[in-house]
Amino acid sequence: MECRLPPPITEDQISAAIEGFVDPVVQSHIGQCPSCNVRLQHAQQMEGALKAKLYRWDCPSPQRLGEYVLAMISSQSEERSIVRHLEQCAACKSEVEELGGFLVPNTAPDTATVSKPEPAREKERGWAHTWPQAFGQIFARVVPRTSALAMRGAASGPIMAEADGTTIVLDVQPASEGQVTILGQVVDADQDRWTGALVVLRQAGNVQATATANDLGSFSCGPLAAAPVELMIASPVGQTVVLPEIDVSA
């Protein structure tokens with residue numbers, strides 16, 4: 001299709017139109033010329049696809065933000081990097097504030113904490129072990145395994161637990177020697193309330209891994225030692241499911 005009103009608009013004019021800086025003459029041309037109008041539409045589609053692909057490409061992962069909220073970032077340089085990022089990224093700052101809000105009411109990580117003395121920093125780390133007591137908990141009950149739950153080629157089936165209408169399914173996979181990876185899923189009639197839920201695994205009272213549930217309620221944690229695990233899943237709506245002790249021997 002050829003331009004009806006030659007010369008056709010240039011690529012620079014198309015770029016300016018996409019950015020909203022369109023000249024009245026160019027706007028008139030686009031309105032009267034099907035060929036240039038189609039070129040503009042194609043350019044807009046490509047621009048939208050590129051933005052969607054690159055959206056938050058340089059943001060820390062949800063899991064790293066969760067670890068930041070729990071004061072689990074062991075590297076000071078990485079922690080400073082996250083702090084600098086939060087100063088510039090409204091999306092991540094909002095995500096961190098939301099996590100801090102439902103983990104510990106009226107508490108959110110302070111972007112200045114990296115400059116605090118180590119004793120004060122360690123004091124802050126303590127709330128990572130007590131945050132579930134800050135709001136309502138539901139303790140899940142592990143469902144006894146049966147042959148019907150056994151996985152093909154495995155001696156035992158996945159671990160299943162129930163709590164007030166919410167089901168948690170855990171599949172323990174061998175990792176390196178003496179370690180396992182836990183693949184999990186939260187199943188609920190209202191699945192949306194578990195999207196973005198923060199998953200925390202502790203062993204011997206220490207946080208060993210964190211993850212974030214996706215829109216299907218799925219998450220992955222590990223590798224970690226094949227030893228008893230305490231699992232806590234905190235939804236963004238303020239509900240927390242706790243499994244006090246799980247045998248994850250592979």
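The values are calculated or read from the model by the stated rules, or taken from the named source; none is laboratory data. All values derive from a computational prediction rather than experimental measurement. Virtual Cβ from ideal backbone geometry, glycine too; neighbours counted across all protein chains shown. Heavy atoms of the whole protein, side chains included, go into the accessibility calculation; ligands, DNA and RNA do not. Shrake-Rupley method; radii C 1.70, N 1.55, O 1.52, S 1.80 Å.
Remarks
- Residue separation of Val237 and Asp171 scaled by 0.36 nm, minus their Cα-Cα distance, works out to 21.2 nm of gained length.
- Database remark: amide H of Ala226 closer than 5 angstrom to the amide H of Gln179, Val180 (H placed geometrically; neighbours at sequence offset of 5 or more, or on other chains; Pro and chain starts carry no H).
- Subtracting the Cα-Cα distance of Gln27 and Leu183 from their residue separation scaled by 0.36 nm leaves 50.8 nm.
- The phi torsions of the range 25-38, fed into the Karplus equation with coefficients 6.51, -1.76 and 1.60 and a -60° offset, translate into couplings of 5, 5, 4, 5, 4, 4, x, 9, 10, x, 5, 5, 5, 5 Hz, rounded to whole numbers, with Gly and Pro shown as x.
- Accessible-area value, His29, 1.4 Å probe, nucleic acids and ligands omitted, Å²: 20 Å²
- Arg141, Arg80, Arg64, reordered so the largest accessible area comes first (probe 1.4 Å): Arg141, Arg80, Arg64
- Computed over the Cα atoms of the range 199-249, the ratio of the radius of gyration to the Kirkwood radius (Rg/Rh) comes to 0.96.
- Centroid-to-centroid separation of the range 201-245 and the range 2-38 [C-alpha atoms, Å]: 54 Å
- Accessible heavy-atom area order of Ile18, Ile30, highest first, probe of 1.4 Å: Ile18, Ile30
- Estimated inter-spin distance, Ala16 and Ser75, nm [label 7 Å along Cα→Cβ]: 4.5 nm
- Linear extension gain, Gln41 paired with Ser218, 0.36 nm per residue minus alpha-carbon span: 60.0 nm
- Our coupling estimate for the range 237-243, obtained by passing each phi through the Karplus curve with A = 6.51, B = -1.76, C = 1.60 and θ = phi - 60°, is 8, x, 9, 10, 9, 10, 10 Hz, Gly and Pro reported as x.
- Across the range 161-171, rounded Karplus estimates of 3J(HN,Hα) from the backbone phi angles (6.51 cos²θ - 1.76 cosθ + 1.60, θ = phi - 60°) give 9, 10, 8, 6, x, 9, 10, 10, 10, 10, 10 Hz, Gly and Pro being marked x.
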